[in-house]
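Accompanying notes for the structure given below.
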Amino acid sequence: MRRLLLILSFLLTFTTQADLLQEGVSASNSGNMQKAMDFWALACEENDTRGCLLMALAYDYGDEVKEDRKKAFGLYERACKDGYVQACTKLGLMYEEGEVVKEDKKKAFALFSKACGGDEKLSCHKLALYYDHGIVGASNKLIALNFYKVACDGGEVDACINSARMYRDGRVVKQDYQKAKARFAQACVLESRLGCKEERILEESGF
């Protein structure tokens, strides 16, 4: 529920015409999630696709309503088409995993590209992985490194680890222990034990 409310608070900052969404969050705060869903459904029906996104998240996570990922998928589609990149990331993940919809890595890649362009750091990390491992085309590790760096700076801990290893091992770019150490340090700040361990190893090695 905390994640849902944080996203709602973010969405509400962009407009004062958010009465239905606000009514929904008030209902959810009082423990009446069904009433909240009713308000968000009205918003969605009135083409305020923030309401669609919030319903999708609730169905996706089973957040005090019965989990229904097929419903979530359709609602994410509406929200993504309307420019809400959080929804595009979720759709990409669904196409990638192939449980709710037929697996389609090319569609996932396209959705991650759209979402990363809208500053969705998880999608940037996904793009890095696709380029790194050549999932939908030829591998391009230099592009992968750039996306890892963007995602790491946005708080994606695995992206910090992956970019650090590239610098440490001299993959793609010239070996640079200082940059590797800095990326491991970022991962450590993000509470990665591995990041802390690798940073300490480099520190003890004189870097």
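Points worth noting:
- Members of region 129-143 found to be touching a residue at least 24 places away in the same chain (Cβ under 8 Å) and not in a helix (DSSP H, G or I), listed by number: I135, V136
- Residues that are in a helix (DSSP H, G or I), surrounded by 16 or more Cβ atoms within 10 Å (Cβ to Cβ) and acidic (D, E) within region 147-194 comprise just one, D158.
- Residue in region 100-109 that is farther than 20 Å from K70 by Cα and crowded, with 16+ Cβ neighbours inside 10 Å present: yes
Conditions tested, residue by residue: (1) farther than 30 Å from G170 by Cβ; (2) assigned to a helix (DSSP H, G or I); (3) among the acidic types (D, E); (4) out of contact with any Leu (no Cβ under 7 Å at 6 or more places or on another chain).
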position: A58; (1), (2), (3), (4): yes, yes, no, no
position: G92; (1), (2), (3), (4): yes, yes, no, no
position: E99; (1), (2), (3), (4): yes, no, yes, yes
position: K106; (1), (2), (3), (4): yes, yes, no, yes
position: S123; (1), (2), (3), (4): no, yes, no, yes
position: L127; (1), (2), (3), (4): no, yes, no, yes
position: L145; (1), (2), (3), (4): no, yes, no, yes
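- Candidate set: region 64-87, residues that are over 18 Å from the mean Cα position of the chain (by Cα) and either touching a residue at least 24 places away in the same chain (Cβ under 8 Å) or outside any helix (DSSP H, G or I) (or both); chosen: the one farthest from G24 (Cα to Cα): K70
- Residues within region 29-49 that are modelled with pLDDT of 85 or more and not in a loop (DSSP other than H, G, I, E, B), tallied: 14
- Cβ separations smaller than 6 Å between residues 6+ apart or across chains give the following pairs from region 153-175 residues that are over 18 Å from L194 (Cβ atoms) to residues that are crowded, with 22+ Cβ neighbours inside 10 Å: V172/M166.
- Test for Y76: is it hydroxyl-bearing (S, T, Y) and over 21 Å from K114 (Cα atoms): no
- Scoring S26 on the criteria (1) modelled with pLDDT of 80 or more; (2) surrounded by fewer than 13 Cβ atoms within 10 Å (Cβ to Cβ); (3) farther than 25 Å from V100 by Cα leaves a single failure, condition (2).
The values are calculated or read from the model by the stated rules, or taken from the named source; none is laboratory data. What you see is a predicted model; the values in this text were computed from it and never measured. Note: ideal-geometry Cβ built from the backbone for every residue, glycine included; neighbour counts use all protein chains shown.
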